[in-house]
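Participant: My questions will all concern the structure given below.
The values are calculated or read from the model by the stated rules, or taken from the named source; none is laboratory data. Being a predicted model, the structure only gives us computed values, none of them experimental. All Cβ positions, even for glycine, are placed from backbone atoms using ideal geometry, and neighbour counts span all protein chains on display. Surface accessibility is based on the protein's heavy atoms, side chains included, excluding ligands, DNA and RNA. Shrake-Rupley method; radii C 1.70, N 1.55, O 1.52, S 1.80 Å.
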Amino acid sequence: MSGPQPTSLGALGVADAAAPRSFRTPIGTHDLMPPESGRWVALMGAFVAAAERAGFDYVATPIFEDVGVFARIGEGTDVVGKEMYEFFDRSDRHLALRPECTASVCRAFAQHRPTTPWKVWYQGPFFRYEAPQAGRFRQFHQIGAETLGTDDPDADVEIIALAATFFDAVGLQRAPLAVNSMGDADTRAAYGDALTAYLHRRRADLDPQDRDKIERHPLRILDSKRTATAAVADEAPRIADYLTTETASHFERVRSGLDALGIEHHLEHRLVRGLDYYTRTTFEFRATGLDAAQNAICGGGRYNGLVEALGGPPTPGIGFALGIERLLLACDAEGVFEVPHRRAEVWVIDTTGGAAARDLSHYLRGLGIRADRCFDDRSMRAQMRAADRSGAEIALIVGADEAAAGTVTVRPLRCPDGTGTQMAQQTVQRSSLASTLRDVFDALNSPAPAVVGESNGA
Ligand code: HAM
């Protein structure tokens, strides 16, 4: 047999692999558990609705790629230089877990050459070896969107508007939008020289931990949070003064477009972002309710050279990504977008062994009703308690009498809106169950699930 042989756990240094042992999530990762997971599902639903209204299609790229795809983010960036999860597979391919999706989307564009403008959105886990803290994880989750194939400033406005509309939909109010322009290659070269010269002059005033960045990554000094460095950065030359006529007018058109749509924003000269591929527009939404170190809930910008750097034709692009964990922390800080309460509509109670509950709950789900039941032949009392806890509007009860007669008892669990009087329960033939349920839902003023009325019964 050729090819790599399976590795035994012993060979991996896992002692006594068969012995029971408990494990926890690796540092910087977390399990997403109910009921919080319900919030994620709702969040995704709200984003899908906004993205589809704006004409974006879903794209999914691999969790790992050739390490070279991500090298294009910038070898000198923390994301690539310090935080990437790299590994060699069993065939010695050098791969990396994706730290972000823009490079992958551009790689996919270069590979498949779809027609432009190509408007796509994505979601999923991303990986950065960072120091874990609140809102900063090693496996985190992003939702993002990218438009490739147009340099039209209205595409920048559309992308920013998509993020802003989504934040409105989740109820977030305190996440101001900062914008800036990185200009083009000429701008960056001229500005880079001016900034480096300035930083050399002010070297002694910088926080010692930032001094070596002057040579390695002078732009990163601009968004340093360290007090001494921030003071130097405040007085640094501004990139706005180095924009070419064309990039300045592109940026002007983006800002006036945002004004026209009523999207509040402010110019932030020091907004340079941590990835090297940006050209022209950059932006960030920062939640005022979170600590400065992790208050960026969404960031993005233009990257007009990235597709070409990944072997594709010259193709402009603009996009954003938002961190789901951070966005939800920002929602918590504002007390919005709470965990949705997922209720059953009907709870089936069966004291005859469980077969009736099995059949009826399946039947009800076929009618479009959210139906649930207890397992393990619990007592009537325990099943009633479960029905109450579920928030169901109606309990269906099958006891010995009902089982013998082929009937079901329909018991409303709450009073009709505006009344304080519980409706009487009724025992009906299974064949008229669907119409009875429709009448009870009507009387309770609960919109009956649409398909109930069309059915002919069990
Ligand atoms: P980014 O600013 O590196 O940009 O990440 C976007 C968002 O992901 C951040 O604003 C933050 O909410 C979240 N995030 C990043 N790292 C972590 C972490 N370790 N833990 C929790 N959340 C995190 C990008 O990734 C670009 N690809 C955005 C883009 C799209 N630019 C153009 N198109």
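Participant: Among the listed residues LYS82, LYS119, identify the single one that is open to solvent by 30 Å² or more (accessible area, probe 1.4 Å) and at pLDDT below 95.
Facilitator: On the way: LYS119 fails: at pLDDT below 95.
It is LYS82.
Participant: Conditions: (1) surrounded by 14 or more Cβ atoms within 10 Å (Cβ to Cβ); (2) modelled with pLDDT under 95. LEU95 meets all but one. Number of the miss?
Facilitator: All conditions are met except number (2).
Participant: Next up: Would you say ALA309 is farther than 17 Å from ASP168 by Cα and without any contact (Cβ under 8 Å) to a residue 60 or more places away in the chain? Quick ask: steps written out before the conclusion?
Facilitator: Values: farther than 17 Å from ASP168 by Cα: yes; without any contact (Cβ under 8 Å) to a residue 60 or more places away in the chain: no.
So ALA309 does not fit the description; no.
Participant: Let me ask you something else. Would you pick out the residues in the range 253-287 that are surrounded by fewer than 18 Cβ atoms within 10 Å (Cβ to Cβ), charged (D, E, K, R) and away from the ligand (no atom under 16 Å from the Cβ)?
Facilitator: Hits for the range 253-287 are ARG253, ASP259, GLU264.
Participant: Here are ASP186, ASP151, ASP156, ASP168: which of them is buried (at least 18 other Cβ atoms within 10 Å of the Cβ) and either outside any loop (DSSP other than H, G, I, E, B) or touching a residue at least 40 places away in the same chain (Cβ under 8 Å) (or both)?
Facilitator: On the way: ASP186 fails: buried (at least 18 other Cβ atoms within 10 Å of the Cβ); ASP151 fails: buried (at least 18 other Cβ atoms within 10 Å of the Cβ); ASP168 fails: buried (at least 18 other Cβ atoms within 10 Å of the Cβ).
Of the residues listed, the single one that is buried (at least 18 other Cβ atoms within 10 Å of the Cβ) and either outside any loop (DSSP other than H, G, I, E, B) or touching a residue at least 40 places away in the same chain (Cβ under 8 Å) (or both) is ASP156.
Participant: While we're looking at this one, here's another question. Please pick out the residue among GLY368, GLY391 that is within 36 Å of the chain's Cα centre (by Cα) and open to solvent by 30 Å² or more (accessible area, probe 1.4 Å).
Facilitator: Numbers: GLY391 fails: open to solvent by 30 Å² or more (accessible area, probe 1.4 Å).
That would be GLY368, the only listed residue that is within 36 Å of the chain's Cα centre (by Cα) and open to solvent by 30 Å² or more (accessible area, probe 1.4 Å).
Participant: Output the residues belonging to the range 249-296 that are in contact with a Ser or Thr (Cβ under 7 Å, 6 or more places away or on another chain) and small (Gly, Ala, Ser).
Facilitator: GLY274
Participant: Among the listed residues PHE109, PHE127, which satisfies the condition of being within 12 Å of the ligand (Cβ to nearest atom) and either within 25 Å of ASP31 (Cα to Cα) or touching a residue at least 40 places away in the same chain (Cβ under 8 Å) (or both)?
Facilitator: Details: PHE109 fails: within 12 Å of the ligand (Cβ to nearest atom).
Among PHE109, PHE127, only PHE127 is within 12 Å of the ligand (Cβ to nearest atom) and either within 25 Å of ASP31 (Cα to Cα) or touching a residue at least 40 places away in the same chain (Cβ under 8 Å) (or both).
Participant: Only one of these conditions is not met by PHE140: (1) touching a strand residue (DSSP E or B) at 6+ places or on another chain (Cβ under 7 Å); (2) outside any loop (DSSP other than H, G, I, E, B); (3) closer than 22 Å to HIS217 by Cβ. Which number is it?
Facilitator: (3)
Participant: Could you go through the range 339-355 and let me know if any residue there is modelled with pLDDT under 95, within 17 Å of the chain's Cα centre (by Cα) and more than 9 Å from the ligand (Cβ to nearest atom).
Facilitator: Yes, because at least one residue in the range 339-355 is modelled with pLDDT under 95, within 17 Å of the chain's Cα centre (by Cα) and more than 9 Å from the ligand (Cβ to nearest atom).
Participant: Considering only the range 83-111, state which residues are under 24 Å from the mean Cα position of the chain (by Cα) and either assigned to a loop (DSSP other than H, G, I, E, B) or at positive phi (or both).
Facilitator: The answer is GLU83, MET84, TYR85, ARG98, PRO99, GLU100, CYS101.
Participant: Can you pull out every residue in the range 75-100 that is of a type in the set (Ser, Thr, Tyr) and either away from the ligand (no atom under 14 Å from the Cβ) or out of contact with any strand residue (DSSP E or B) (no Cβ under 9 Å at 6 or more places or on another chain) (or both)? Break it down into steps so the answer makes sense when it comes.
Facilitator: Let us first name the residues in the range 75-100 that are of a type in the set (Ser, Thr, Tyr), namely 77, 85, 91.
Within the range 75-100, THR77, SER91 qualify.
Participant: Take the residues in the range 288-311 that are more than 20 Å from the chain's Cα centre (by Cα) and open to solvent by less than 10 Å² (accessible area, probe 1.4 Å); name whichever of them is nearest to PRO153 (Cα to Cα).
Facilitator: Once the filter is applied, the top-ranked residue is ARG302.
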